[in-house]
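Structure first, commentary second.
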Amino acid sequence: MTKLIIDGKEIEADPTLTLLQACELAGAEIPRFCYHERLSIAGNCRMCLVEWVGSPKPQASCALQVRDIPPNRDGTPAKINTKSPVARRAREGVMEFLLINHPLDCPICDQGGECDLQDQAMAYGRAAFTRYREFKRAVEDKYMGPLVKTSMNRCIHCTRCVRFATEVAGVPDLGATGRGEDMEITTYLQEAIASELSGNVIDLCPVGALLSKPYSFTARPWELRKTESIDVMDGMGCNIRVDSRGREVMRFLPRINEAVNEEWLGDKSRFVWDGLKSQRLDQPYVRQNGRLQPASWSEALSLAANKLKSTPSGQIAAIAGDLAAAEEIKALKDLMHGLSVRNLDCRQDGAKLAPSPRQGYLFNSGFAGVEAADALLLIGTNPRWEAPVLNARIRKTWLNGKLRVANIGRAYELTYPYEQLGESASVLQQIAAGEHAFSKVLTDARRPMLIIGQGACSRSDGAAILQLAARIASRTGMIGPAGTPAEGGWIGFNVLHTAASRVGALDLGFLPETGGRDISGILAGAGSGEIGVVYLLGADEIDMNRLGRAFVIYQGTNGDAGAHRADIVLPGAAYTEKSGLYVNSEGRVQLAERATFPPGDAREDWAILRALSGTMGQRLPYNDIDSLRNAIIADAPHFAARDRLPSHAGADPAIWEKIGVAGNPDTRLPLQSHIRDYYLTNPIARASSTMAECSRLFVGAERMAAE
């Protein structure tokens, strides 16, 4: 440790820290524009200048490490002043240079009210006069795609966006051209930023040069109500902030959670909010003479209740969708149990995931645990589309120089190099038997891990593939000591989910009971007439043509495939319009708070099911959300521990032998991700015009190139 005296306070700091970090440890506030904790050091803006007593000039604290500051000649610690007249004059001079070419458009700038430059100009700007008499520089705005709007006159060349694109997103589409006054930030040939994380440059930009194109000129930050919530566009459960005005969601922003999403957010999660306003179901509908007609709640519930009561329990089925919260899953399960219905499933894609053991369907190492791994095997997954923020963490680990990645399945364009081992499940068999070269890589690694995607789990031989993966994990040292990674434990067997509701539904046992049908059995039974009534809880990802003549009750948010096929439509609440529990791929229970209210006559989903049970004369035993959550905790006690990574049992061979089913996988069928379009994976995304434009621009271009 190195001793420093900062603003008269003696501290001990790690020599590897920057002087800026050491000053902040001492309680000093250091202004900055180019410096960011998660990006490389650039030293561009010089706003972080401090006085090093004895040095001939002020020092840029972001570009100077503590180890570079020797003690004074008499052996006393070096003195650093952050508030002295020298430091203040230096910062005022830097601010004067920054504002030389910056336009005076704060009243109309979208960044006004949350702009770092505006804030620092209030503290260090010279409002009384300016010594600059020449014309300001003018820079042409650049095209960066449908998500990022540019106003390049405001750019101060901090290069945060360039470093993020290159280092974190792994897509070097942004760069600087020219020198001096002619320097400009642009994309290659002014193409769109081809990254699923491109929206993060908006947060990183300390001025109003990079803005949210969909949000532009719609609201000021002080007009918005800010609600902390959870994203449901994938299985990560990224922490978000919902900004709303009245009953309207205006934007999504990421919240910092080091264990889950750090401070990043995928583009779909960030920009999907316009799908909450489009094609919404805001009143019940009943099909009459082949057409859906508006109905009252009493009419729709009475018809649904009569149909459910008059149908034998063996001919009723229920399917839970990918965006459902734990509350409505529990309510639907209890409602179906009251009718003795055994045909339940939450696995719309047909994934062969069993409810026990729990380690068999979790991302056991935790997302942050990826950074401890030194060997990684990807199985039938494309993390860049299935979990962009997780993919960025994998890239971060690779950049640190200690991760070797291999892939079994279709070769995707990831943001880090990997070894392509093949597309067939036969490679898995070879690694499990120790007959493949990469099995030695896994065995020799200190903390090996694998990630198996839903594309592998949802195949007809998914159970056999899961068992092969579990066998690889147990034989190559992936199953280490018990406990979480933070406690020194390690389990490298990881299942990556793409559905926000999946883990919670598996925890609550929303699965076929003894003698019941799974998703394939339900669809086959509906097609043959053996299943007469199907209850879809936001389930839109199944083939509706296979439902045959079954009577369909659809409860959801948007007019998607399920609503078009339904005989009764019950309008529910979206994830921003209700308070709900979600369990991410790690098994971490998180609470999404309500930011706005559902439109029209739409209601919270658990309340709809509670009202339906009352109409049927089989009232569910909870009248409010608290009693419902108590019932959830009674079924699955771990729901009481929120925002906590579950602790696992460790290397018990009996646990890992129960994962999957013994059998020979189909070696002719290639392993691949089940996501064909990152931007259009659920009803809300498909209702978003922004996501439709991104799909056309990025995914459509790839398909045309492939064809």
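The lysines within cross-link reach of LYS83, meaning a Cα-to-Cα straight distance under 25 Å and a gap of 8 or more places when in the same chain, are LYS3, LYS9, LYS57. For the chain, DSSP calls about 55 percent of its internal beta bridges antiparallel. About its Cα centre, the chain has a charge dipole of approximately 320 debye under the convention of +1 per Lys or Arg Cβ and -1 per Asp or Glu Cβ, with nothing else charged.
Note on ASP543 and ARG291: their simple-model spin labels are 3.1 nm apart, each label 7 Å out from Cα toward Cβ. Segment LYS57..HIS564, full-extension length gain: 175.5 nm, with 0.36 nm per residue of separation and the alpha-carbon distance subtracted. Available extension along the chain between THR16 and GLU184 is 57.2 nm, counting 0.36 nm per residue and deducting the alpha carbon span.
Shape class of the stretch 116-173 from the Cα gyration tensor (axes a ≥ b ≥ c, square roots of the eigenvalues): prolate, since a/c reaches 1.5 or more and a/b is larger than b/c. Ligands, DNA and RNA left out, the accessible area of the chain computed with a 1.4 Å probe is 50% carbon and sulfur. With r defined as the distance between the Cβ atoms of GLU299 and ASN664 and R0 fixed at 35 Å, what FRET efficiency is calculated, to the nearest 0.05? The value I calculate is 0.10. Taking every alpha-carbon pair in the stretch 276-364 and binning the separations at 5 Å intervals from zero gives 3, 10, 14, 18, 22, 15, 8, 6, 3, 1, 0 percent. Applying the criteria of a DSSP loop state and at most 10 other Cβ atoms within 10 Å to the GluC sites (Glu not before Pro) of the stretch 387-449 yields GLU413, GLU435. On a per residue basis, the stretch 504-600 carries 28 Å² of accessible surface, using protein heavy atoms and a 1.4 Å probe.
Normalised by 2.2 N^0.38 Å, with N the number of residues, the alpha-carbon radius of gyration of the chain equals 1.05.
Per residue, the accessible area of the stretch 210-345 comes to 36 Å², computed with a 1.4 Å probe over protein heavy atoms only.
Using just its DSSP H runs of length 4 or more, each adding -39500 (n - 2.57), the chain gives a mean residue ellipticity at 222 nm of -7000 deg cm²/dmol after division by all residues. Computed with every protein chain present, the accessible area of GLU96 is close to 40 Å² [probe 1.4 Å]. Using a cut-off of 23 Å between alpha-carbon atoms, which lysines can reach LYS268, once sequence neighbours fewer than 8 places away in the same chain are excluded? Cross-link targets: LYS142, LYS149, LYS213, LYS226, LYS277, LYS396, LYS578.
When the square roots of the Cα gyration tensor eigenvalues are ordered a ≥ b ≥ c, the ratio a/c for the stretch 553-707 is 1.5 or more and a/b does not exceed b/c, which makes its shape oblate.
Rounded, prolate or oblate for the stretch 371-497? Axes are the square roots of the Cα gyration tensor eigenvalues, ordered a ≥ b ≥ c, and the cut-off for rounded is a/c under 1.5. Rounded. Applying a DSSP loop filter and a limit of 15 other Cβ atoms within 10 Å to the chymotrypsin sites (Phe, Trp or Tyr not before Pro) in the stretch 80-140 leaves PHE129, TYR132, PHE135. Residues of the stretch 111-146 falling in the label zone of ARG245, defined by backbone nitrogen less than 17 Å from a point 7 Å along Cα to beta-carbon, are 111-115.
Note on SER356 and ALA176: the model spin-label points, each 7 Å out from Cα along the C-beta direction, lie 6.1 nm apart. Selection among SER673, SER424, THR18 by position relative to the dipole of the chain gives THR18 as farthest towards the positive end (Cβ unit charges, Cα centre). Spin-label pair SER40-ASP119: with each label point 7 Å from Cα along the Cα-Cβ axis, the two points sit 2.7 nm from one another. The trypsin sites (Lys or Arg not before Pro) found in the stretch 62-137 that occupy coil by DSSP, while having at most 10 further C-beta atoms within 10 Å, are ARG73, ARG131, ARG133. Taking 0.36 nm per residue of sequence separation and removing the Cα-Cα distance, the GLU657/ARG67 pair yields an extension gain of 207.3 nm. The residues of the stretch 1-58 expose on average 48 square angstrom of accessible surface per residue, using a 1.4 Å probe on protein heavy atoms.
Grab the beta carbon distance between ALA437 and ASP643, set R0 = 56 Å, and tell me the FRET efficiency rounded to 0.05. That pair, ALA437 with ASP643, gives E of 0.85. Scattering from the stretch 467-548 was approximated by placing one identical point on each alpha carbon and applying the Debye formula without solvent; log10 I(q)/I(0) at 0.16, 0.22 1/Å stands at -0.82, -1.10.
The values are calculated or read from the model by the stated rules, or taken from the named source; none is laboratory data. Remember, it's a predicted structure, so these values are computed and weren't measured experimentally. FYI the Cβ positions are ideal-geometry reconstructions off the backbone, even for glycines, and counts take in every protein chain you see. Quick note on the areas: whole protein, heavy atoms, side chains included, nothing else; ligands and nucleic acids left out. Shrake-Rupley method; radii C 1.70, N 1.55, O 1.52, S 1.80 Å.
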